[in-house]
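The values are calculated or read from the model by the stated rules, or taken from the named source; none is laboratory data. Bear in mind that the values here come from a model prediction, so they are computed numbers and not experimental data. With ideal geometry, Cβ positions are generated from the backbone for all residues, glycine too; neighbour counts draw on all protein chains shown.
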Amino acid sequence: MKKSLEEYSDAELFYLMKSDKKLRDKAFAELYNRLSPRVYAYCRRFVGDKELAKDIFQETFVKFFESSNKDRIMTNVPGFIIKIARNICLNYKRKDEPTYSYEDYMAMTEDNKTEQDELLNLIRSALVLLPDEYKEAFILREYEGFSYSEIAEITNSTLTTVKVRIFRAKQKIREILSPYLEDLAKA
């Protein structure tokens, strides 16, 4: 008895995308269903803008689909597609490099309903203030759950560099949030 597409691994589905059109489309649809929430969340967190994240998300899956025509050994499909999304995000960031002032940061943290919402919004706001290489490593580790070695592969960095970036990202977030966390503790 043949396996249903849901039973195939991501790598097996990627190789099925090299098949005839009908099977290729079904394999792609299955991978899209599995990976799209994760990829969109990554794009959204990285660029911070919902509409831009949607554009990057769509472009990522187009490039992913096109990449199935190339001869390559595929072992980590989620890592591969996040790497595509990362490169597109970085290209967009290079084109339109916004700067954030302290006032912008403060405006982002206003109008929160509960302390938990406030803390989550503060963390999101702190992410915006991080340098891209720290933000990227932090998002891949804390939100996407990639290992340090997978992050090193995705970002073309050394393992040591990844560890340092994540450490510094956490350190910087603590530094940015410390006045607000002290205020929350007093309340």
Tally up the residues in region 62-91 that are acidic (D, E) and either buried (at least 19 other Cβ atoms within 10 Å of the Cβ) or in a loop (DSSP other than H, G, I, E, B) (or both), please.
1
Return the total of residues in region 1-29 being in a helix (DSSP H, G or I), under 19 Å from R72 (Cβ atoms) and either not assigned by TED's automatic domain parsing to the domain that holds P78 or not aromatic (F, W, Y) (or both).
8
Are any residues in region 92-118 at pLDDT 60 or above and either buried (at least 16 other Cβ atoms within 10 Å of the Cβ) or at positive phi (or both), and if so, which ones?
Y92, K93, E118
Check whether at least one residue in region 44-61 is farther than 30 Å from L130 by Cβ and either surrounded by fewer than 19 Cβ atoms within 10 Å (Cβ to Cβ) or touching a strand residue (DSSP E or B) at 6+ places or on another chain (Cβ under 8 Å) (or both), and report yes or no.
no
